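Engineer: The structure follows.
The values are calculated or read from the model by the stated rules, or taken from the named source; none is laboratory data. Fair warning: this is a prediction, and the values are worked out from it, not measured in the lab. Cβ sites come from the backbone with ideal geometry, for glycine too, and all protein chains shown count toward neighbours. Surface areas here come from the heavy atoms of the whole protein model, side chains and all, with no ligands, DNA or RNA. Shrake-Rupley method; radii C 1.70, N 1.55, O 1.52, S 1.80 Å.
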Amino acid sequence: MSVRDAPPVPDVFDPRRYAAGVPYADYRVLRDHHPVAWQHESEVLGWPAGPGFWAVTRHADVVRVLKDSATYSSYIGATQIRDPDPDDLPFIRRMMLNQDPPQHRRLRRLVSRAFTPGRVDRFAAVARERARALLGRALDEARSGDGTVDVVSTVTDEYALLNLADLLGVPDSDRRLLLHWTRRVIGYQDPDEAGPPVLDEAGKPVDPRSPAMLRDMFAYAGQLAAYKRRYPADDIMTTLAHDAELVSAELEMFFFLLTVAGNDTVRSAAPGGLLALAEHPEAYEMLRAGKAGMRSAVDELLRWHPPVLTFRRTAAHDTELAGRRIGAGDKVVVFHASANRDERAFAEPDRLDLSRTPNAHVSFGDGPHVCLGAHFARLQLQLLYEEVLRALPGPRLAGPAGRLVSNFINGLKSLPLSVA
């Protein structure tokens, strides 16, 4: 097929599209015919139109962008598709996620001191018991009713939240705050999650990443750090609070990053994996029978349902990608979910194969910004799925999953399962 005969470029920007499901058919069109394609940013849900961006959908190109921070910067315009208010950009750039080397390396080194595999592994017994207890209560509730349960509201939201709170060292009485802040920042495009947008004096929506919208979270982070200095414990906030290299603004940004990213990664991936297993009963039975290993299954479920759909970079200078000229200052957005289904990187990518190996999915990113909490996330998912296998002969869908209105997070708001 010639360029002239190629199908038109589909819109994969509009967050409302994702409420009906990830547009994998459109991703295939982009990969096959427009691997680096210009996307318009229309006004959506009260949020103003933007200048547009390049959508990168093939696996090799996504990896290239994520690894080349000198060309594709996280710092210039931060990492969300929509441009932040110029007045907020210096504030947003304080976060490790929105920095380039060498400053990014310094902050990552500091936080990695707290986010050690040893500390994470000590939470395994607690997390397993938590998964077992949450599942037990949910099943009891279902069996005393109509035999159905929403595993998002009864199991996976609580599981992700309580595990993160333990790791951070957030007191029991304050743990619901973490979910409140996560929903406000991550779910801002979805009125069911965040409510109507907060408007400024000019009637424009206020970015949930702005200093005004994060003031309460940062105040809490400062109070928690002060408490941890007086009453140290085996948790991440204690380690960060006692790190003399961290200034208070950096500590606040770490708390923001760990609260939102740490919570929502598992909060999105866990029900997504359960949905995949419910839709593929033969795969679930293989897992129960031990014909597929849990470690490879976790990675395949992450490939199938990546928690993050997209991340943005900004071209630091004129460059070329997949034959397209990209100008300095252009937004370049990688599509993780598309890369994970690229036939060029995966054999039969539309088949759920719990024994798939190797599995070079990009659900946790790649390059300098590869997810710092990937070990913790994989551990939580493995423990949860093991307990689901023990508790359920076979989960069956009792209705359609409720999906988040978002072009950033691949979230499920509800997942009704029949367990009777």
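Engineer: Write down Rg/Rh for the stretch 1-147, rounded to two decimals, with Rg from the C-alpha atoms and Rh from the Kirkwood relation over Cα pairs.
Structural biologist: 1.10
Engineer: For the stretch 112-165, compute Rg over Rh where Rg is the Cα radius of gyration and Rh is the Kirkwood radius from the inverse mean 1/r over Cα pairs.
Structural biologist: Result: Rg/Rh = 1.13.
Engineer: Would you please give the residues with an amide H less than 5 Å from that of Thr310, counting only those at least 5 places away or on a separate chain, with H modeled from the backbone geometry?
Structural biologist: Residues meeting the criterion, in which the H sits 1.01 Å from N, are His336.
Engineer: Would you rank Leu97, Leu383 by solvent-accessible area, highest first, keeping every protein chain in place and using a 1.4 Å probe?
Structural biologist: Most to least solvent-accessible, the answer reads Leu97, Leu383.
Engineer: Also, quick follow-up: If you roll a 1.4 angstrom probe over the protein chains with everything in place, what fraction of the accessible area of the chain belongs to carbon and sulfur, to the nearest %?
Structural biologist: 54
Engineer: Modelled label-to-label distance, Ala347 and Asp121, 7 Å Cα→beta-carbon offset: nm?
Structural biologist: With each label placed 7 Å out from Cα toward Cβ, I get 3.3 nm.
Engineer: Just to be sure I understand the model, the point goes 7 Å from the Cα along the line to the Cβ. What's the resulting Lys291 to Glu245 distance in nm?
Structural biologist: Here the modelled spin labels are 5.0 nm apart.
Engineer: Oh, and also: Residues with amide H under 5 Å of Tyr75's amide H, sequence separation 5 or more or different chain, H placed in the peptide plane at 1.01 Å from N; which?
Structural biologist: Residues meeting the criterion, in which the H sits 1.01 Å from N, are Asp100.
Engineer: Now for a different question. Loop-only GluC sites (Glu not before Pro) in the stretch 101-208, please: DSSP not H, G, I, E or B, and at most 14 other Cβ atoms within 10 Å.
Structural biologist: When the GluC sites (Glu not before Pro) of the stretch 101-208 are filtered for loop state and at most 14 Cβ neighbours within 10 Å, Glu201 remain.
Engineer: Can I ask one more? Going 7 Å from the Cα of Ser414 toward and past its Cβ, which residues in the stretch 242-267 have a backbone nitrogen under 20 Å from where you end up?
Structural biologist: Flagged as within label range: 267.
Engineer: Tell me, what HN-Hα J-couplings in whole Hz come from the Karplus equation 6.51 cos²θ - 1.76 cosθ + 1.60 at θ = phi - 60° for each residue of the stretch 168-178, using x for Gly and Pro?
Structural biologist: 6, x, 7, x, 3, 5, 10, 5, 5, 4, 4
Engineer: Each residue of the stretch 256-268 in turn: what ³J(HN,Hα) in whole Hz from Karplus with 6.51, -1.76, 1.60 and θ = phi - 60°, glycine and Pro shown as x?
Structural biologist: 4, 4, 5, 5, 7, 5, x, 6, 6, 4, 6, 4, 8
Engineer: With mean projected area of the Cα convex hull in nm² as the read-out, I listed (i) 19.0; (ii) 20.6; (iii) 22.4; which label goes with the value calculated from this structure?
Structural biologist: (ii)
Engineer: With springs connecting C-alpha atoms under 10 Å apart, model the chain as a Gaussian network and identify which of Ala261, Ala278, Ala70 has the largest mean-square fluctuation.
Structural biologist: Taking springs between Cα atoms under 10 Å, the residue moving most is Ala70.
Engineer: Moving to a separate point now. With every protein chain kept in place and ligands, DNA and RNA left out, what is the accessible area per residue of the chain? Probe 1.4 Å, answer in Å².
Structural biologist: Value returned for the chain: 41 Å² of accessible area per residue.
Engineer: Once you have the alpha carbon radius of gyration of the stretch 99-231, what is it after dividing by 2.2 N^0.38 Å, with N set to its residue count?
Structural biologist: Details: Rg = 18.6 Å, N = 133, 2.2 N^0.38 = 14.1 Å.
Cα Rg divided by the expected 2.2 N^0.38 Å: 1.32.
Engineer: Quote the FRET efficiency, to the nearest 0.05, computed for Thr357 versus Leu45 with a Förster distance R0 of 35 Å and r equal to the Cβ-Cβ distance.
Structural biologist: Calculated transfer efficiency: 0.30.
Engineer: Can you figure out the FRET efficiency of Ala25 with Arg230, using R₀ = 56 Å and their beta-carbon distance, to the nearest 0.05?
Structural biologist: Calculated transfer efficiency: 0.50.
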